[in-house]
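Structure first, then comments.
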Amino acid sequence: MLDSLGTLQRTHYCGDLRAADAEKEVVLMGWVHKRRDLGNLIFIDLRDRSGLAQIVFNKEQAPAAHARAEELRSEFVIAVTGRVVKRQKANPDLASGEVEIIASDLRILNSAKTPPFVVEDDLNANEETRLHYRYLDLRRTRPRQNLALRHRVILEIRKAMDEMGFYEIETPMLTRSTPEGARDYLVPSRVHPGQFYALPQSPQIFKQILMIGGMDRYFQIVKCFRDEDLRADRQPEFTQLDLEMSFPTQDAIFSVIENVMVRACAVAGITVKSPFPRMEYRDAIRRYGSDKPDLRFGMELHNVSEHFAPARETFHIDGSVHALTAPGAAVFSRKQLDEIAGKAKSLGARGVYTLKVTADGVTSPLEKNLGADALKKIAAAADAKPGDLVVAVTAKEQIPGTDAAALIAGQLRLLLADQLKIIPADRWEFSWITGFALFEWSPTEKSVVSAQHPFTGIFEEDIPKLEDDSDEVRMSMRSKGYDLVLNGVELGSGSIRIHQQEVQDRVFKALGLSEEQRRNRFGFFLDALSYGTPPHGGIALGLDRVTALLAGEKSIREVIAFPKTAKAQDLMAQAPSDVDSDQLDMLGIQLKKVEE
Ligand code: ASP
């Protein structure tokens, strides 16, 4: 038999009760977290969004409530009326541990089936089960705290953006393709049979049109949809802080974002200083072997090609040789060195060479090819000290000029730093990366493609190269794009845009779009650009990633209320799903077998 809530009103949250509340009459509502039945006394840990409180049902003092409490099971929903008393011995593990509530009345508002896993913080249910029963999972502290943090971060961002004069403006979800390099999610139109909307990969075109429309400063906390082959920590729909401003310098955009990030970090109790350092893409690759360098630790790369000169043929070296020093790793065993080599090979290295630096000198299998003197020079070039290990790698350049060896060394740098535990968890190192190429080579499309998206501005002196026949020349064009990086994670990218219609059209042409394709796909935008477009630029940050980092979570799924799996499924709602044939008929759609 269930009781009704009636007019009963909650007076407090469980987790908020403190010694100062002693002797108060309170009404608490929530879920039965744990029940201990000692006969005359029944203890309940009552849980709500704020945490836990201990309730005591005493058979002598409140026989009716005690009898009712005998029926309680995990996850039953109850309302308890009672008096707060100070505990004789406080429970330091509980925020409300100084007090307990002596119940005078109990209402059982709902029962619950036995949950498939116990709702507790040290959960050993696997992620699939957690996602299937996400509503139970959400009752745990960690997801609840993560969503609370997300709320506070987003609220702070909205305040900051408002204070800086940005309007939050919504852009359509049912729209036309917006190229961000992924596949579109398509939505069939019933009214226009055979035609489709695309869900936005980003509001890119719309936000630029808002600038053309004179809105001056736009932002939006917005969902974006990208049908990509899902890599480990991606979601088919994700949330961006998207912004655009008119008449901006790059510095103006950077300082808006720096302000936002400093405030968002402060919400999570993290102090960061602005301005954030800036680094050219080429330098990031050269020094860290990555376009999203983790600046929390050193271990920079060193180009040691000259010292390998005598062995270039023997070792089949066709690019540069990059080395890094792993501090204190001279003690690594044969097995550990083999693991490093194995890892580097799996990342595409052609040669992996290790040098151990000790007080007695430098030892390495390289000695027979390069001589003892070269070993010392390599160690010196890599800033290695006694006790350190130097790792040098070479790689075949699949795409010339991409610094394949540096990129592999960059990944080894992260792996070794992790293994050696030298990455400080409490440092927050932001950086801006600039100086990207406008185009890159796509091995799948066998042509140049936009490195970011086709609206990215171009260095003025490079614009004439748009019509150059040579891919190499076009790949040397520099863009006005930039990325924001935090602790080795790319948080987002943006650019000063192309604002001249004629240049935009030439970019589409350079990307191989015919006149007809340009007109069909981008005609409305090219048209808009021709009616007085202000210079403009902006950026978008991945808010799931920002929140995950601030929450100390490895996966963005932990900061999304209803995330999808790596196979793009919602295990709880069981989406995607089949639909009724009537629905398909109405849309004029007939299904075909698709090869998996
Ligand atoms: N639309 C871009 C993105 O989603 C960001 C931008 O250029 O502002 O990455």
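Matching residues to (1) within 21 Å of residue 444 (Cβ to Cβ); (2) touching a residue at least 24 places away in the same chain (Cβ under 8 Å); (3) open to solvent by less than 50 Å² (accessible area, probe 1.4 Å); (4) away from the ligand (no atom under 15 Å from the Cβ):
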{"site": "180", "(1), (2), (3), (4)": "yes, yes, yes, no"}
{"site": "188", "(1), (2), (3), (4)": "no, yes, yes, yes"}
{"site": "191", "(1), (2), (3), (4)": "no, no, no, yes"}
{"site": "194", "(1), (2), (3), (4)": "no, yes, no, yes"}
{"site": "197", "(1), (2), (3), (4)": "no, no, no, yes"}
{"site": "201", "(1), (2), (3), (4)": "yes, yes, yes, no"}
Of (1) within 16 Å of the ligand (Cβ to nearest atom); (2) touching a Pro at 6+ places or on another chain (Cβ under 9 Å); (3) open to solvent by 30 Å² or more (accessible area, probe 1.4 Å), residue 291 fails just (2)
So which of 252, 266 ends up being among the aliphatic types (A, V, I, L, M), within 16 Å of the ligand (Cβ to nearest atom) and under 26 Å from the mean Cα position of the chain (by Cα)?
252
Which ones in region 133-178 are basic (Lys, Arg), farther than 28 Å from residue 525 by Cα, open to solvent by 50 Å² or more (accessible area, probe 1.4 Å) and in a loop (DSSP other than H, G, I, E, B)?
139
Picking from 544, 570, the residue that is closer than 25 Å to residue 132 by Cα and either at pLDDT below 95 or in contact with a Lys or Arg (Cβ under 7 Å, 6 or more places away or on another chain) (or both) would be 570
Residue ID - least open to solvent (accessible area, probe 1.4 Å), chosen from residues in region 486-503 that are away from the ligand (no atom under 14 Å from the Cβ) and in contact with a Ser or Thr (Cβ under 9 Å, 6 or more places away or on another chain)
486
Restricting to region 237-256, what's the tally of residues that are of a type in the set (D, E, K, R), open to solvent by 20 Å² or more (accessible area, probe 1.4 Å) and assigned to a strand (DSSP E or B)?
1
Answer yes or no as to whether residue 200 is of a type outside the set (A, V, I, L, M) and at pLDDT 95 or above.
yes
Identify, please: which residue in region 504-523 is of a type outside the set (D, E, K, R) and within 33 Å of the chain's Cα centre (by Cα) and is, among those, farthest from the ligand (Cβ to nearest atom)?
512
Failed condition for residue 510, given (1) aliphatic (A, V, I, L, M); (2) over 30 Å from residue 414 (Cβ atoms); (3) in contact with a Phe, Trp or Tyr (Cβ under 7 Å, 6 or more places away or on another chain):
(3)
Just the residues that are within 16 Å of the ligand (Cβ to nearest atom), in contact with a strand residue (DSSP E or B) (Cβ under 9 Å, 6 or more places away or on another chain), part of a loop (DSSP other than H, G, I, E, B) and open to solvent by less than 30 Å² (accessible area, probe 1.4 Å), please, taken from region 439-477.
453, 455, 457
Residue 480: within 16 Å of the ligand (Cβ to nearest atom) and either basic (Lys, Arg) or on the phi < 0 side of the Ramachandran plot (or both), yes or no?
yes
Can residue 196 be described as of a type in the set (Phe, Trp, Tyr) and either within 24 Å of residue 229 (Cα to Cα) or under 21 Å from the mean Cα position of the chain (by Cα) (or both)?
yes
Among helices (runs of 4 or more DSSP H) lying entirely in region 328-437, which contain 1 or more residues that are closer than 21 Å to residue 293 by Cβ, open to solvent by 20 Å² or more (accessible area, probe 1.4 Å) and acidic (Asp, Glu)?
404-419
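Residue-by-condition table, conditions (1) over 24 Å from residue 142 (Cα atoms); (2) in contact with a helix residue (DSSP H, G or I) (Cβ under 8 Å, 6 or more places away or on another chain); (3) not in a loop (DSSP other than H, G, I, E, B); (4) not aliphatic (A, V, I, L, M):
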site	(1), (2), (3), (4)
8	yes, no, no, no
28	no, yes, yes, no
45	no, no, yes, yes
65	yes, no, yes, no
71	yes, no, no, yes
75	no, yes, no, yes
Across region 77-114, what is the total count of residues that are part of a loop (DSSP other than H, G, I, E, B) and open to solvent by 30 Å² or more (accessible area, probe 1.4 Å)?
14
Sole exception among (1) in a loop (DSSP other than H, G, I, E, B); (2) closer than 30 Å to residue 327 by Cα; (3) away from the ligand (no atom under 16 Å from the Cβ); (4) among the charged types (D, E, K, R) for residue 229, by number
(2)
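The values are calculated or read from the model by the stated rules, or taken from the named source; none is laboratory data. Nothing here was measured: the structure is a model prediction, and the numbers come from that model. Glycine gets a Cβ as well: all are built from the backbone with ideal geometry, and neighbour counts include every protein chain shown. Accessible surface areas use protein heavy atoms only, side chains included; no ligands, DNA or RNA. Shrake-Rupley method; radii C 1.70, N 1.55, O 1.52, S 1.80 Å.
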